[in-house]
Each structure stands twice: as C-alpha cells, then as structure tokens.
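Remarks on the structure that follows.
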Amino acid sequence: MILTASRLILSLIMIFIISPNSSGVSAQAVVNGSVVLNGSTMELKEKPIVINGSVMIPFRTIFEALGMTVSWDNKAKIVVGKRHGLVIQLGNNRFGFINGHKYELTQSPFLSSAGTFYVNLRFISEASGANVSWDNKNKTAFIQTDPRLNALTLQEFVDFDLLRADWTKKQMEELGLTKEEYGGGATYSNEIVSYAYNDNLMTSAPFSVDIYGSHSGPRGIHVGETFDEVISLFPQHSDWRKNEEGVFYGPTNAPAKHYDIGTRGSVFVYENGNREITLSINQGPFLRIFFEHDVVTHFTFFLVTAAT
C-alpha cells in the first residue's frame, strides 16, 4: 500500500471528558463509539470517543489489535508502534511520523484526565495498511486489515514468476542452466533457482523448484528474512508450539502426506533447532520455507505431489 501525505493528514478533531490542561483539548460532551475489526466487534475496556466521524482510541488498544509491538515513553509522552519495518510514532503534538516521514495532523493526540493517551484510529490503521470505513448512524468504525493475512492461495502459488508447468528438461538445457543428474532424475540450476525433475513421475514438468537467491516469493518472502517475519504474514489461528503437528492455521490430526491435508500452515522443528514452515493448498501443491538460526536459507515449491 502506498501512503500519501494527503491521505495521512487526517482529521483528529477530538472530544473528551478531560481537564482543561490536557493537551489544550477543551472539554465537551462525549459520544462513545465502537470498533469492528475484521468482522468482530472489539471488546474494549476503555471506549473509543467519537466526534464528527473521527474516532479516538487508547493507543495500546489499536496498536496491539493491528499486530504491532508498542512502547510508551512516559516522560516524553511519545508512543511508538512497530511491525515488519513499519514504525509509527505519535507524541503530544500536532505531528505523526511514519518510518521517519513527518505528517501534520489537524489535532494532537493527548492524555485524558485519567492518564490514557488517545490517538486517531484512522491514522494508525491506514498507516499499517488496513482499510477503514465509518458508519455514522451507528457510530461504528470498521477496520479490515491487510488481506495478505489469509491462508496462502493457489493463485499466489501459480503467480510466482519462476514457476512454469510446461517447462521441460529440453527447455532447461536451452536456457543454459547447469544440469546435475541423480538417481531417477536431474536438476537444472543457476545461482537463484533449481528445477528438479523426477523420471518416475508421469509428467515432463519439474517436480519441485528451489529458490536460493534474492528472488522474492509469495508475499515478498525472501532469503535472509526471519522466522517471525515470515510466519506473521499468515493467520495465527492456533499456537504452533502447543500442538504436535505445529499447526498455526488449518486442520490438525491430518494425514501424513502434505498433499492430503487441505489448506494448512505448520512448523516443523529439527533436533538441531532449525525450522521449516509448510504451507499446503487444498489437495494440490505446497510451499516449504527452510530456516537456519531463524533466517530463511531457501524455499521450495512442490508442484507434483504424488506419483501416479
């Protein structure tokens, strides 16, 4: 998502039950609102406050709901939210910062008389890549987070530009890739990609494709990215550490073969502590991402899942 200054110079008109000393915001009648995040109404201890369709919300509530780590400097009255290279900073003044870029706000975030620091919901949400809409009649803000936080889809898989189901061994040779034979097949490689063919399968297409170089895969996954960065791109429906199959989305107690399990994301930990993430797509192909010391070393697209 490309954020422009015009989109981020947002209306921060605020009304609160606060003292006159609270950041220069005058006390007015309060209108409470509600927030729906990805279809679910948020249960909020401290209610958002609304004026003219602008929703103000305690900073920790919105940052954490959007998957950010948050820190608060009480002395400087500055809040910072971080997620995957995105840094949002707001202070007790008329400016917000996104990755160091300064945006002038029409109203400063501020401390309430109860000591809670309120920020503008739309500013934070849109800066994080979410879409925001407002139902003025019901005083409800709707937030839809980045659609990437869904299971890996078949379309994402086949859209990867180094995959071609019609690439034959002859075409690999014509491309000048280095050939290496092994029992029952051969690989064709360069410094970025390796195509594996299996003569026992009833297909002339590659069996698998390994990516070792700097070429990015689905959702920007690339060599050198950390485990936490990769897994955060996908739903976290369950804690992979707390089930034997390491599942973080999709079914558990699945068959042993990945191509039979349906749509699922799981983690496997080797005895040496290294990990791999497997992303299965229905009963078709799957993607496996390999980590050493929690850093991506390569990832593999498995195109043919079973011999006939």
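Can you spot a residue in the range 142-161 that is over 28 Å from I289 (Cβ atoms) and exposed (fewer than 12 other Cβ atoms within 10 Å of the Cβ)?
no
Since A205 meets every condition but one in (1) under 28 Å from V35 (Cβ atoms); (2) at pLDDT below 85, which condition does it not meet?
Condition not satisfied by A205: (1).
All but one of (1) touching a strand residue (DSSP E or B) at 6+ places or on another chain (Cβ under 7 Å); (2) surrounded by fewer than 17 Cβ atoms within 10 Å (Cβ to Cβ) hold for S232; which doesn't?
Every condition holds for S232 apart from (1).
Being surrounded by 14 or more Cβ atoms within 10 Å (Cβ to Cβ) and among the basic types (K, R): is that true of K137 here?
no
From the list L177, L163, which one is touching a helix residue (DSSP H, G or I) at 6+ places or on another chain (Cβ under 8 Å) and not assigned by TED's automatic domain parsing to the domain that holds Q107?
L163 is the lone residue from the list that is touching a helix residue (DSSP H, G or I) at 6+ places or on another chain (Cβ under 8 Å) and not assigned by TED's automatic domain parsing to the domain that holds Q107.
With the requirement that a residue be among the acidic types (D, E), part of a helix (DSSP H, G or I) and surrounded by 11 or more Cβ atoms within 10 Å (Cβ to Cβ), what does the range 167-206 give you?
E173
Please determine whether any residue of the range 58-66 is exposed (fewer than 14 other Cβ atoms within 10 Å of the Cβ), within 22 Å of G96 (Cβ to Cβ) and modelled with pLDDT of 85 or more.
Yes, the conditions are met somewhere in the range 58-66.
Do you know which of the residues in the range 58-105 that are of a type in the set (D, E, K, R) and under 17 Å from E46 (Cβ atoms) is nearest to the chain's Cα centre (by Cα)? Walk me through how you get there before you give the answer.
At the first step, the residues of the range 58-105 found to be of a type in the set (D, E, K, R) are 60, 64, 73, 75, 77, 82-83, 94, 102, 104.
Adding the requirement that they be under 17 Å from E46 (Cβ atoms) leaves 60, 64.
Numbers: R60: 19, E64: 14 Å.
That would be E64.
Does the range 207-244 hold any residues that are part of a loop (DSSP other than H, G, I, E, B) and among the hydrophobic types (A, V, I, L, M, F, W, C), and which are they?
F207, I221, V223, L233, F234
The values are calculated or read from the model by the stated rules, or taken from the named source; none is laboratory data. Computed from a prediction, not measured in an experiment: that's the story for all the values here. In this analysis, Cβ positions are derived from the backbone assuming ideal geometry, glycine residues included, and neighbour counts consider all displayed protein chains.
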